[in-house]
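Asker: Sharing a structure below in structure tokens format, with a few things to ask.
The values are calculated or read from the model by the stated rules, or taken from the named source; none is laboratory data. Predicted, not measured: the structure shown is a model, and the values here were computed from it. Every residue, glycine among them, receives a Cβ derived from its backbone with ideal geometry; neighbour counts consider all protein chains shown.
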Amino acid sequence: AQKVTQAQTEISVVEKEDVTLDCVYETRDTTYYLFWYKQPPSGELVFLIRRNSFDEQNEISGRYSWNFQKSTSSFNFTITASQVVDSAVYFCALNDYKLSFGAGTTVTVRA
Amino acid sequence: DTEVTQTPKHLVMGMTNKKSLKCEQHMGHRAMYWYKQKAKKPPELMFVYSYEKLSINESVPSRFSPECPNSSLLNLHLHALQPEDSALYLCASSQDGQSRYGYTFGSGTRLTVV
């Protein structure tokens, strides 16, 4: 069984503020992959980042960064200096034998 | 080509109709997926094809019938649907069934059953 929990339903910020999205996962497998996807109103799921269970190195990619902590089963995602175009639903997902999504967090960035 | 193309983008069908959703990718991916997404909910897996064989069926009702004619094409045949089947249907592909490299999603078909 696997489970992904995104406790934040909605987040609203003013442009240029940082946004951190929380994700906690649950799995019995030792090998798994974690993802963050963005879904704008158009509906397409846009891949943002991927991390495998053996690599806890945290990285920054442009305005995106993530914090993967295996000890707490958390995979948090931060958008730095948010922009209006970042407004979307963000999904955390866990893949062991199939890709399962958290409930999603709606991010609204106001100008 | 790094896209998954889904057609049609919108579909309205009656409960007695038969229709099909189409998904195509030319990235050489060997695994393809159908997801269903209701409004304000996350996508839910329906079917997985790996190397053109059905590998996962998440207990989907038989009124949904998937087909994978070749490694680039995935269809979802619809028959006798119910209004509650109205949703966004997303197709995805990945390099292999292990999905270590992530998934590429199409923009979806918004289905309305009347």
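Asker: Taking the condition more than 11 Å from every other protein chain (Cβ to nearest Cβ), in contact with an Asp or Glu (Cβ under 6 Å, 6 or more places away or on another chain) and either of a type outside the set (D, E, K, R) or closer than 14 Å to B:Y101 by Cα (or both), does A:F68 pass? Full working, then the answer.
Answerer: On the way: more than 11 Å from every other protein chain (Cβ to nearest Cβ): yes; in contact with an Asp or Glu (Cβ under 6 Å, 6 or more places away or on another chain): yes; either of a type outside the set (D, E, K, R) or closer than 14 Å to B:Y101 by Cα (or both): yes.
Yes: the conditions hold for A:F68.
Asker: Still on this structure, I have one more. Out of everything in the stretch A:80-111 that is charged (D, E, K, R) and modelled with pLDDT under 95, what residue ends up being surrounded by the most Cβ atoms within 10 Å (Cβ to Cβ)?
Answerer: First, pick out the residues of the stretch A:80-111 that are charged (D, E, K, R): A:86, A:96, A:98, A:110.
Filter again for modelled with pLDDT under 95, leaving A:96, A:98.
Values: A:D96: 19, A:K98: 16.
Checking each candidate, the answer is A:D96.
Asker: Report whether or not A:E56 is part of a strand (DSSP E or B), among the charged types (D, E, K, R) and in contact with a Lys or Arg (Cβ under 6 Å, 6 or more places away or on another chain). Step through it out loud before you land on a result.
Answerer: On the way: part of a strand (DSSP E or B): no; among the charged types (D, E, K, R): yes; in contact with a Lys or Arg (Cβ under 6 Å, 6 or more places away or on another chain): yes.
Taking the combined requirement at face value, the residue does not satisfy it.
Asker: Ok, one more. Would you mind stating whether A:Y97 is part of a loop (DSSP other than H, G, I, E, B) and within 14 Å of another protein chain (Cβ to nearest Cβ)? Reasoning before the result, please.
Answerer: Values: part of a loop (DSSP other than H, G, I, E, B): yes; within 14 Å of another protein chain (Cβ to nearest Cβ): yes.
Criteria met by A:Y97.
Asker: Applying the selection to the stretch A:42-92, what residues are free of Cβ contacts under 8 Å to residues at least 40 places away in the same chain and acidic (D, E)?
Answerer: Within the stretch A:42-92, A:E44, A:D55, A:E56, A:E59 qualify.
Asker: Here's another thing I want to ask about it. Of everything in the stretch A:1-47 that's surrounded by fewer than 14 Cβ atoms within 10 Å (Cβ to Cβ), of a type in the set (S, T, Y) and in a loop (DSSP other than H, G, I, E, B), which residue is nearest to the chain's Cα centre (by Cα)?
Answerer: Here the residue is A:T9.
Asker: Those residues that are within 28 Å of A:L34 (Cα to Cα) and either surrounded by fewer than 14 Cβ atoms within 10 Å (Cβ to Cβ) or free of Cβ contacts under 8 Å to residues at least 40 places away in the same chain (or both), I need them from the stretch B:58-97; list them, please. Even if it seems obvious, please write down each step before you answer.
Answerer: Filtering the stretch B:58-97 for residues within 28 Å of A:L34 (Cα to Cα) gives B:58-60, B:66, B:68, B:71-76, B:87-97.
Residues satisfying the conditions are B:E58, B:S59, B:V60, B:P66, B:C68, B:D96.
Asker: Looking only at the stretch A:76-94, how many residues end up being in contact with a Lys or Arg (Cβ under 7 Å, 6 or more places away or on another chain) and away from chain B (no Cβ under 14 Å)?
Answerer: Kept after step one, since they are in contact with a Lys or Arg (Cβ under 7 Å, 6 or more places away or on another chain), are these residues of the stretch A:76-94: A:79-82, A:88, A:90.
Restricting the remaining residues to those that are away from chain B (no Cβ under 14 Å) gives A:79-82.
Here the count works out to 4.
Asker: If you don't mind, another one. Got a sec? Which of B:S59, B:S107, B:S55 is within 14 Å of chain A (Cβ to nearest Cβ), at pLDDT below 95 and in a strand (DSSP E or B)?
Answerer: One residue alone meets the criteria, B:S55.
Asker: Which members of the stretch A:37-65 meet the condition of being facing chain B (nearest Cβ under 10 Å) and of a type in the set (V, I, T)?
Answerer: Residues satisfying the conditions are A:V46, A:I49.
Asker: I'm trying to understand the selection: among the residues of the stretch B:36-52, which are within 8 Å of chain A (Cβ to nearest Cβ), over 14 Å from B:A92 (Cα atoms) and in contact (Cβ under 8 Å) with a residue 40 or more places away in the chain?
Answerer: none
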